[in-house]
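Q: Take this structure, written in structure tokens, and hold onto it; I'll ask about it next.
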Amino acid sequence: MNETPVSSLKAEPFSAAQAVAAATDFAELRIGAAGVFWSEYRPSDAASRIWQWQDGQVRCLTPDGFSVRSRVYEYGGGSFCLVDDGLVFVNERDQQLYLQALDGSAPHPLTHDVRRYGDLSFADGQVLAVEEEPGAPYPIHRLVAIDAEDGARRVLAEGADFYAAPVLCPDGSRLAWIEWSHPEQPWTATRLMCAERTLDGRGWHKPYYLAGDGAQPESLQQPRIDEQGRVQCLSDRNGFWQPWRESPAGWHALPAKAADHAGAPWQLGASSWLPLVDHTYLATWFEDGFAKLGLCNDADGSTLDYTGEFSRFRNLAADNACFYAIAASPTCPSAVIAIDRRSHEVQVLAGGEAPLAAEHISLPHPHSYASGDGQAHCFFYPPANPQVPPPLLVFIHGGPTSSCYPVFEPRIQYWTQRGFAVADINYRGSTCYGREYRQALQGNWGVSDVDDACAAVEHLAAQGLIDAQRAFIRGSSAGGYTTLCALAFRDVFRGGASLYGVSDPAALARDTHKFESDYLDWLIGDPDADHARYEARTPLLHAERIKVPVIFFQGELDAVVVPQQTRSMLEALQRNGLPAEGHFYPEERHGFRQAANLAHALEEEWKFYGRVMG
């Protein structure tokens, strides 16, 4: 087949630097008497800062020298909360809590130790937090309360391996939280716990299970306590993460769509549903990969739709006038929005400006297709400059228990502007399609996900949408493992890119952080009892089977996939005479954050594919 020269892949002038600059993102969203607050990350300085919106005015509250980010469980989340007359945040550099007034004065530290903090919330004059204390072989985690005035610390719960989402009821009499222990992950099996305050108000009675102690494993997340003191939570015991509530008659499901109302809790502090007054709750859920937003009545099951043009919602919040969210759509990058509860009119408070004209944006087309003994899903983005047929770049998300979303992603647009079609894969094991789909990866990592990536090429080629002879694959973290497995064990792709990807899962099981230390047992099997299975699925041990070029990108400070893994894989391919290359970034961790490095990696990847295609 004649190939289109790289030089003829004409595109809009959308550079790697522009794509990176457009990747500004927003995280936690809080509502208080002083307005709307959110955390904003800008690649230009690799810092996350808190912004305040009040009466149409926006200002940055985080002074130079600070960045708001938690590293609890390495992935962090819940890095700030509002307190009386100010806020408390986790400073990225030292992981300590800082109190900041809203009058422009400098933040001052509340804590002075080696512990980390995350998942912050404020109640009864105290900051509730997940605490991470250094230990051997792994850190120790607890729930603690930190006095917002003097920093006095009190332990609320300890003994489990992991904690999340502490929440206090309005009158302070009940405390609820999520906990789990090895070998589970927060999306496989967790426990919803509760403790009652002692009569003297100084302590807590022995905690007890509210859910998650039955014979059937369930994943619970995002507990809430309403004005009546009833604990509510998302549970997947019926197959999807849906709202449940305690009652005198027991734990029961609220009327809800048969769909996931949350993604996998890789990070702390998620808010994808909110119980409100008058038998209603605000929630977002997924239908065919696209998010919906609705006000749901838990008495009659009716739903008032607030979705509008958006296709993903995060960090929901509400007041009497508006609903708030961090939202995005296929043509709108991440934005902080306010939706009028009566008129449904949307006001963008920050973000949302696409760097491309609407007619130049490639839109996601959902595809479901047969793969192995099941079915997989992807979003297909045609090239902005149509060719017949175009080369394909398959995107594999990390996790692997994570998901890709049909929203404006500047790095996808970078490729479609250069004549590539993109297939963003939600392989079996991805979230947002229910527990059964998520659990399908158990014991099958390196098999089912690879099947789904390869089957996408066959499916799209059969429809004449892509040139199967010019298909490439790329993935970060766990997606890098799928990429390397596809290159080693299948003959589908012309080349690939691994960004801080796993090449030796057995080494990852021996040398990774606490949060994922038993994850490989679930994904593949016991490293000792299932040694042969590990050998069969380790790209590093089968480097000679890779016959196509590979490019690697790795942070030197990565504590999840340590740099030596990538170096070993790169050296093995180079010994075999393959045109493999690697780029290592001294100040990057697991997931690059510095704009110059992000742009460099994107440009080098583009040049790499160009060389492969001649």
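The values are calculated or read from the model by the stated rules, or taken from the named source; none is laboratory data. Predicted model only: the values in this text are computed from it and were never measured. Backbone-built Cβ (ideal geometry, glycine too); neighbour counts: all protein chains shown.
Q: Give me the residue from the stretch 332-381 that is among the hydroxyl-bearing types (S, T, Y) and either crowded, with 20+ Cβ neighbours inside 10 Å or over 23 Å from Y433 (Cα atoms) (or both) and, out of that set, nearest to the chain's Cα centre (by Cα). Write out each step before concluding.
A: Of all residues in the stretch 332-381, those among the hydroxyl-bearing types (S, T, Y) come to 334, 343, 362, 368-369, 371, 381.
Checking the rest, the ones that are also either crowded, with 20+ Cβ neighbours inside 10 Å or over 23 Å from Y433 (Cα atoms) (or both) come to 334, 343, 362, 371, 381.
Details: S334: 14, S343: 31, S362: 23, S371: 25, Y381: 21 Å.
Ranking the qualifying residues of the stretch 332-381, first place goes to S334.
Q: Just to be sure, is G203 at pLDDT below 95 and of a type outside the set (S, T, N, Q)? Talk me through it step by step, then tell me what you get.
A: Working: at pLDDT below 95: yes; of a type outside the set (S, T, N, Q): yes.
For G203, the condition - at pLDDT below 95 and of a type outside the set (S, T, N, Q) - is met.
Q: Please state which one of T190, T198 is surrounded by 21 or more Cβ atoms within 10 Å (Cβ to Cβ), over 22 Å from R69 (Cβ atoms) and of a type in the set (V, I, T).
A: Values: T198 fails: surrounded by 21 or more Cβ atoms within 10 Å (Cβ to Cβ).
Checking each option against the conditions leaves just T190.
Q: Among the residues of the stretch 221-243, how many are exposed (fewer than 15 other Cβ atoms within 10 Å of the Cβ) and either outside any loop (DSSP other than H, G, I, E, B) or in contact (Cβ under 8 Å) with a residue 60 or more places away in the chain (or both)?
A: So the answer is 2.
Q: Restricting attention to the stretch 378-399, which residues are under 30 Å from P186 (Cβ atoms) and at pLDDT 95 or above? Spell out how you get there, then give the answer.
A: First pass over the stretch 378-399, keeping only residues under 30 Å from P186 (Cβ atoms): 378-379, 394-399.
Within the stretch 378-399, C378, F379, V394, F395, I396, H397 meet the criteria.
Q: Can you confirm whether the stretch 551-564 contains a residue that is over 28 Å from A136 (Cα atoms), modelled with pLDDT of 95 or more, of a type outside the set (F, W, Y) and under 26 Å from the mean Cα position of the chain (by Cα)?
A: Within the stretch 551-564, the subset over 28 Å from A136 (Cα atoms) is 551-553.
Keeping just the survivors that are modelled with pLDDT of 95 or more gives 551-553.
Filter once more, keeping what is of a type outside the set (F, W, Y): 551.
Filter once more, so that each one left must be under 26 Å from the mean Cα position of the chain (by Cα): 551.
Checked against the condition, which is being over 28 Å from A136 (Cα atoms), modelled with pLDDT of 95 or more, of a type outside the set (F, W, Y) and under 26 Å from the mean Cα position of the chain (by Cα), the stretch 551-564 yields at least one hit.
Q: Something else now. Just to be sure, is Y414 aromatic (F, W, Y), under 21 Å from the mean Cα position of the chain (by Cα) and either in a loop (DSSP other than H, G, I, E, B) or surrounded by 23 or more Cβ atoms within 10 Å (Cβ to Cβ) (or both)? Step through it out loud before you land on a result.
A: Numbers: aromatic (F, W, Y): yes; under 21 Å from the mean Cα position of the chain (by Cα): no; either in a loop (DSSP other than H, G, I, E, B) or surrounded by 23 or more Cβ atoms within 10 Å (Cβ to Cβ) (or both): yes.
No.
Q: Now a separate question. Can you tell me which residue among A468, A462 is surrounded by fewer than 19 Cβ atoms within 10 Å (Cβ to Cβ) and without any contact (Cβ under 8 Å) to a residue 12 or more places away in the chain?
A: Numbers: A468 fails: without any contact (Cβ under 8 Å) to a residue 12 or more places away in the chain.
Step by step, each of A468, A462 is checked, and only A462 is surrounded by fewer than 19 Cβ atoms within 10 Å (Cβ to Cβ) and without any contact (Cβ under 8 Å) to a residue 12 or more places away in the chain.
Q: I'd like the full set of residues that are out of contact with any Ser or Thr (no Cβ under 8 Å at 6 or more places or on another chain) and assigned to a helix (DSSP H, G or I), limited to the stretch 520-543.
A: Step one: filter the stretch 520-543 for residues out of contact with any Ser or Thr (no Cβ under 8 Å at 6 or more places or on another chain), giving 520-521, 523-537, 541-543.
Correct list: L520, D521, L523, H531, A532, R533, Y534, E535, A536, L541, H542, A543.
Q: Would a scan of the stretch 446-458 turn up a residue that is in contact with a helix residue (DSSP H, G or I) (Cβ under 9 Å, 6 or more places away or on another chain), in a loop (DSSP other than H, G, I, E, B) and crowded, with 24+ Cβ neighbours inside 10 Å?
A: yes
Q: Follow-up. Taking the stretch 165-208 on its own, how many of its residues are in a strand (DSSP E or B), out of contact with any Pro (no Cβ under 7 Å at 6 or more places or on another chain) and not basic (K, R)?
A: Step one: filter the stretch 165-208 for residues in a strand (DSSP E or B), giving 165-168, 174-180, 191-197, 204, 208.
Then keep just the ones that are out of contact with any Pro (no Cβ under 7 Å at 6 or more places or on another chain); that gives 166, 168, 174, 179, 191, 196-197, 204, 208.
Next, from what is left, pick out any that are not basic (K, R): 166, 168, 179, 196, 204, 208.
Selection size over the stretch 165-208: 6.
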